[in-house]
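Colleague: Right, I'll just put the structure down here and ask away after.
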């Protein structure tokens, strides 16, 4: 019979690595492991009865990350620039630069860019109570869909400014090795 680990998972035993925005890593305050669900398919099974079967499509909740904003706003700007490149805020050329594509002589895209340039893998590493890496949650094809505003407050007692990023992703794996 296998040994049962009776240690609990503490909330503060984690690291989050976002490949595309390395300046954000050291300022992560909190994040979640998104839930997942699929619907059941209902089929009539007789008079007054229905039978249920597992559905065929999984949906994931969003990955939500809260981070402390550095005083130069570098980590906030990393996310802002990433979002601006996906959906340009002021200049459509930002997208072309971001996905490394260019315009042809007749003004159309040369198609050499890739939507993969818009995405990043994200790894959440949970650690044991002895701070040893234990599980690796790998979120694939992530991209930000929301960046919160920044709240400032006169007279606050040196509290750090916190921002929230919301990510969509395709799926995640849970591994025991990096």
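Throughout, read-outs are computed from the coordinates displayed, never taken from laboratory work. All values derive from a computational prediction rather than experimental measurement. Using ideal geometry, Cβ is built from the backbone for each residue, glycine included, and neighbour counts are taken over all protein chains shown.
Colleague: Would you mind calculating the relative contact order of region 122-178 from Cα pairs under 8 angstrom and at least 6 residues apart, reporting the percent as a whole number?
Modeller: 40
Colleague: Now, a different point. Round to the nearest 0.05 the FRET efficiency obtained for residue 70 and residue 5 when R0 = 45 Å and r is the Cβ-Cβ distance.
Modeller: For R0 = 45 Å, the calculated efficiency reads 0.80.
Colleague: Something else about it: If I take R0 = 41 Å and measure r between the Cβ atoms of residue 39 and residue 126 in this structure, what FRET efficiency does the formula 1/(1 + (r/R0)^6) give, to the nearest 0.05?
Modeller: 0.90
Colleague: Between residue 87 and residue 151, what FRET efficiency comes out of the Förster formula 1/(1 + (r/R0)^6) with R0 = 30 Å and r the beta carbon distance, rounded to 0.05?
Modeller: Efficiency computed from Cβ-Cβ geometry: 0.80.
Colleague: On a full-extension model of 0.36 nm per residue, what is the gain between residue 168 and residue 58, subtracting their alpha-carbon distance, rounded to one decimal in nm?
Modeller: Residue separation times 0.36 nm, minus the Cα-Cα distance, leaves 38.2 nm.
Colleague: State, to one decimal in nm, how far the label point of residue 26 lies from the label point of residue 175, with both points 7 Å from Cα in the Cβ direction.
Modeller: 2.6
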